[in-house]
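In what follows, a single structure is set out as structure tokens and then discussed.
All of the numbers you see were taken from the coordinates with simple rules; none came from a lab. Worth saying up front: this structure is predicted, and the values here are computed from it rather than measured. Virtual Cβ from ideal backbone geometry, glycine too; neighbours counted across all protein chains shown.
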């Protein structure tokens, strides 16, 4: 199998890498973090100009016409830059849900607005009792007149404080954890019956608690039959997160290596000590193992067989979660006290890697799920 990038993909990689290098140095990131939204609207507009916001959308809908590989390229570069903008929430999750479940009219109305930067979305699925189970939905959707009304509470909604529309999972029928009966609804975040409280997360991004009390919702897909599409969109988002983690790990490993070359103790660079060289090699090995698994997840992100796709995604998330912890902890240890300060980039990379591990299930959760699925290739193999 040929894993080389095409000319267009290399051009995309070079373009986004230049943008991140120009606009997302560590000091520039601190300025973006201090903006009213906690991220830069000006940089978001530049993403739109480069076509990054529509990278996986059809050209007929204002997109780039790419797919999972193009998303991987963008997310790896974003991981290196520790970007703050709502790319995952709006483009990867929001756009991915609309592509899989939305009607032709919904896609035509919303995807071009995502691509041009004028629409922000957030996926409101997590509830206090649900942990990482997409089928555990207590929020309800009721048909009233000719429409639907949504009631319930959603927690840790990524960039839910700035989204213009929310994609809300709600139960149409069945018990709280039944796989059947889960619907997805488009809700106006500024509409009646919606209240939200935004706050910063540990890695510098933003999230919100959402209270829905009779809010009007527009079905996305068939009401009560949205779970399979939601799972496919989340699997693709996990593959994108794996690529982001590889970008962050790579940058952190390079930052640590440079520190070992320049920090002196006992009259010579600490990188000259063999024990520290071995630890630096362990970091590089973990990064390269994670890179291979991220590529595997990308190749399987659009797999039609949900079981085969899930095996690949859980294996990648488990491996990358453990690699991220190993790389982050070694980086902090090799840096010493400076690695934990807010004034140094190393600790910020470790925070983001830790949050990526927790999103949609940590390494232990995915390893347990993979074992229940019979391993990467199934129990029969």
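For the stretch 23-62 and the stretch 309-357, what is the separation of their C-alpha centers, rounded to whole Å?
For the stretch 23-62 versus the stretch 309-357, the Cα centre distance is 23 Å.
Equivalent-ellipsoid semi-axes (√(5λ), Cα gyration tensor) for the stretch 7-119, whole Å, largest first? Don't skip to the answer; put the middle values down first.
Values: eigenvalues 113, 55, 23 Å².
Those come to 24, 17, 11 Å.
When you take every Cα atom in the stretch 122-225, what is the radius of gyration, and what is Dmax, the widest Cα pair distance, in Å?
12.9, 43
Using 0.36 nm times the number of residues separating residue 305 and residue 344, minus their current alpha carbon distance, what extension gain do you get?
Difference between extended and current length: 9.7 nm.
If the stretch 221-361 were replaced by its equivalent ellipsoid, with semi-axes equal to the square roots of 5 times the Cα gyration tensor eigenvalues, what would those be, largest first, whole Å? Walk me through the numbers before you get to the answer.
Values: eigenvalues 266, 43, 16 Å².
For the stretch 221-361, the semi-axes come out at 36, 15, 9 Å.
Mind sorting 261, 351 by how few other Cβ atoms lie within 10 Å of their own Cβ, fewest first? Let's see the in-between values first.
Details: 261 13, 351 18.
So the ranking, lowest neighbour count to highest, is 261, 351.
Separation between the residue 108 and residue 288 pseudo-spin-labels, each 7 Å from Cα along Cα→Cβ, expressed in nm?
Going from the residue 108 label point to the residue 288 one covers 5.1 nm.
Over 13 Å apart: what share of the alpha carbon pairs of the stretch 214-262 falls there, rounded to a whole percent?
Considering the stretch 214-262, 71 percent of its Cα-Cα pairs are separated by more than 13 Å.
Where does the stretch 164-289 land on Rg/Rh, using Cα atoms and the Kirkwood Rh?
Using Cα coordinates only, the ratio equals 1.24.
Assuming a viscosity of 0.890 mPa s and a temperature of 25 °C, what translational diffusion coefficient in µm² per second does Stokes-Einstein assign to the stretch 283-369, Rh being the Kirkwood radius over Cα pairs?
Rounded to a whole number, D works out at 179 µm²/s.
Taking all pairs of distinct Cα atoms, average 1/r, flip it, and tell me the Kirkwood hydrodynamic radius of the chain in Å to one decimal place.
21.4 Å
Which ordering of 74, 281, 327, 194 is given by a fewest-first count of other beta-carbon atoms within 10 Å?
281, 194, 327, 74
Relative contact order for the chain using alpha-carbon pairs under 8 Å, separation at least 6, rounded to a whole percent?
About 14 percent, as a whole number.
Between 347, 339, 145, find the one with the highest GNM mean-square fluctuation for the chain; connect C-alpha pairs within less than 10 Å.
145
Evaluate the distance, in nm, between pseudo-label points positioned 7 Å from the Cα of residue 48 and of residue 26 along their respective Cα→Cβ axes.
3.2 nm
Note the full-extension length gain between residue 279 and residue 14 as 0.36 nm times their separation in residues minus their Cα-Cα distance, in nm to one decimal.
92.3 nm is the gain from fully extending residue 279 to residue 14.
Nearest 5 percent is fine: what portion of the DSSP beta bridges confined to the chain is antiparallel?
Rounded to the nearest five, the antiparallel share is 85 percent.
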